[in-house]
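The structure appears right after this line, and notes come after that.
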Amino acid sequence: MAKVYNFSAGPAVLPHAVLAEAQSEMLDWHGSGMCVMEMSHRGKEFMEIIHDAEHDLRELMQIPKNYKVLFLQGGASLQFAMLPLNLLGDKKSIDVVNTGHWSKLAIKEAKRYANVNVVASSEDRNFTYVPAEETWQRDPDAAYLHYTSNETIGGLQFPFIPSSANGVPLVCDMSSDFLSREVDVSQFGLIYAGAQKNIGPSGLTVVIVREDLLGKALPSTPTMLNYQVHADADSMYNTPATYPIYIAGLVFKWLKELGGIKGMAARNDEKAGLLYHAIESSNGFYYSTVDAPFRSKMNVVFRLKDESLEDTFLSEAKKNGLVQLKGHRAVGGMRASIYNAMPIEGVKALVSFMMDFARQHS
Ligand code: PMP
């Protein structure tokens, strides 16, 4: 058995069972005599793998028939450009909610192609809350509204799905909370997520797009950045990220076995609950930087009251097999990413370490 409890924000922990299965199939996938990495993407073996992965994802998220599932590359970052290129059509502007680092990067890139209307921002209080929806200044003629459901760096998560007011399609960067809680896909025009948190290895980006939004790409859109091209080719216009798709398929099967997204959401609630309780009950030794209703259940960001202890905290944690807890350099402090694949034992081990550490250093 491995090893350590890995709290990395991404690439992140994968289910042990999935890694073990991949290991057992490494040299010979299902009697084919080949490793998945060696297979032609158009051969019947890989076609079965990608078909099953899509089928299982559709089942897990109950994706309606009028949505395409695309397995793309370029990371979530490439979506920041693909979105306006493909969805602007004859409109001029888009609406965005600014809740942190990833929202800002999405805004910066979209500005190259569209007028960007920031409908609400929590930058005034350092991205510690999500502005109330009633206060958003929305444009009824926007091509779409973009938001980031979970800010991986700030540890800020939307507790609600915005409304698709005036029929303006909702577009969501779900990179760091995809498959972690139930969402009604039919409320969205497009959902996207880089794989390296809750899906599988980096190198794969999943896009779920409503079919009526396809076919509107700006004429200058590169072929490889056109959703329609990938949709028409069932994500096989060029060579897709075959091995990440295979691992993603194993992760989807693992999720189904554990009770699907509903089951996973209950575990995630429990894990986040334990950790935030430990922070809250530390008499201020640890504190959360985010307003309570918006604290992420995936990326638990916290600080130590005495910042001079943070390096010791990290090195002691590492000695206890609790790794990758350092917060992003933009915000500092600690960040415990507790994605689907983080077992509850890992969170309990962290909580117990935190309590001991606080006792020793109070
Ligand atoms: N959006 C969010 C919410 C993220 O967490 C990340 C990566 N951590 C990105 C976008 C960028 O993803 P990528 O590195 O796959 O381009």
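No lab work stands behind these numbers, since they all come straight from the coordinates. Just so it is clear, the model here is predicted, and its values are computed rather than measured. Every residue, glycine as well, gets a Cβ built from its backbone with ideal geometry; the counts of neighbours run over all protein chains shown.
Do the alpha carbons of any pairs in LYS216/LYS262; LYS305/LYS326; LYS271/LYS326; LYS197/LYS297; LYS65/LYS104 sit beyond 23 Å of each other, and which pairs?
Working: LYS216/LYS262 35 Å; LYS305/LYS326 15 Å; LYS271/LYS326 19 Å; LYS197/LYS297 13 Å; LYS65/LYS104 32 Å.
Over 23 Å apart, Cα to Cα: LYS216/LYS262; LYS65/LYS104.
HN-Hα J couplings of the range 320-333 from phi, Karplus 6.51/-1.76/1.60, θ = phi - 60°, integer Hz, Gly and Pro as x?
Here the 3J(HN,Hα) series is 8, x, 10, 10, 6, 9, 6, x, 4, 4, 6, 10, x, x Hz.
Answer with one residue from PHE285, ALA358, LEU274: the one whose Cα lies farthest towards the positive end of the charge dipole of the range 260-361, charges on Cβ with Lys, Arg +1 and Asp, Glu -1.
The residue sitting most towards the positive pole is LEU274.
Report D for the range 98-225 in µm² per second (integer): Stokes-Einstein, Kirkwood Rh on Cα pairs, 25 °C, 0.890 mPa s. Present the calculation step by step, with values, prior to reporting the outcome.
Working: Rh = 15.6 Å.
Estimated via Stokes-Einstein, D reaches 157 µm²/s.
Please arrange TYR237, TYR147 by counting, for each residue, the other beta carbons lying within 10 Å of its beta carbon, fewest first. List each step's numbers first, then the result.
Numbers: TYR237 16, TYR147 24.
Sorted ascending by nearby Cβ count, the order is TYR237, TYR147.
In vacuo Debye scattering of the range 217-362, one point per C-alpha: log10 I(q)/I(0) at q = 0.10, 0.11, 0.12 Å⁻¹?
With no solvent term, the Cα-only Debye profile gives -0.51, -0.59, -0.66.
Just to be sure I understand: of the beta bridges DSSP finds with both ends in the chain, what percent are antiparallel, rounded to 5?
Numbers: 22 of 39 bridges.
Antiparallel bridges: around 55 percent, rounded to the nearest 5.
With θ set to phi - 60°, apply the Karplus curve 6.51 cos²θ - 1.76 cosθ + 1.60 along the range 54-65 and write out the HN-Hα couplings as whole Hz, x wherever there is a Gly or Pro.
So the Karplus estimates, Gly and Pro as x, are 5, 4, 5, 5, 4, 5, 4, 9, 6, 6, x, 4 Hz.
Any chance you could list the semi-axes, whole Å, largest first, of the equivalent ellipsoid that the Cα gyration tensor gives for the range 199-260, using √(5λ)?
Values: eigenvalues 148, 40, 15 Å².
Largest first, the range 199-260 gives 27, 14, 9 Å.
How fast does the range 1-130 diffuse by Stokes-Einstein, in µm²/s, taking the Kirkwood radius from C-alpha pairs at 20 °C and 1.002 mPa s? Walk me through the numbers before you get to the answer.
Numbers: Rh = 18.9 Å.
It diffuses with D of about 113 µm²/s by this estimate.
Express in whole angstrom the spacing between the alpha-carbon centres of the range 207-275 and the range 22-95.
If you average the Cα positions of each part, the centres end up 6 Å apart.
What does the chain give for Rg and for Dmax, in Å, if only its C-alpha atoms count?
20.9, 63
Okay, helix-only estimate at 222 nm for the chain: each DSSP H run of n ≥ 4 adds -39500 (n - 2.57), divide by all residues, round to 500 deg cm²/dmol; what do you get? Intermediate values should be presented prior to the final figure.
Numbers: 9 runs with 122 residues, N = 362.
Value at 222 nm, helices only: -11000 deg cm²/dmol.
Mind listing the phi-derived Karplus ³J(HN,Hα) values for the range 106-123, rounded to whole Hz, using 6.51, -1.76 and 1.60 with θ = phi - 60°, and x for any glycine or proline?
Listing the rounded values in order: 5, 5, 4, 6, 4, 4, 5, 10, 9, 6, 10, 9, 7, 6, 6, 8, 10, 5 Hz.
With no solvent and one point per C-alpha, what does the Debye sum give as log10 I(q)/I(0) for the range 283-353 at q = 0.15, 0.16, 0.17, 0.25 Å⁻¹?
Relative scattering, expressed as log10 I(q)/I(0), comes to -0.49, -0.56, -0.63, -1.38.
Go through LYS68/LYS91; LYS92/LYS253; LYS44/LYS256 and tell me which ones have a Cα-Cα distance over 30 Å in this structure. Numbers along the way, then the final one.
Values: LYS68/LYS91 23 Å; LYS92/LYS253 42 Å; LYS44/LYS256 24 Å.
From the list (LYS68/LYS91; LYS92/LYS253; LYS44/LYS256), the Cα-Cα distance tops 30 Å for LYS92/LYS253.
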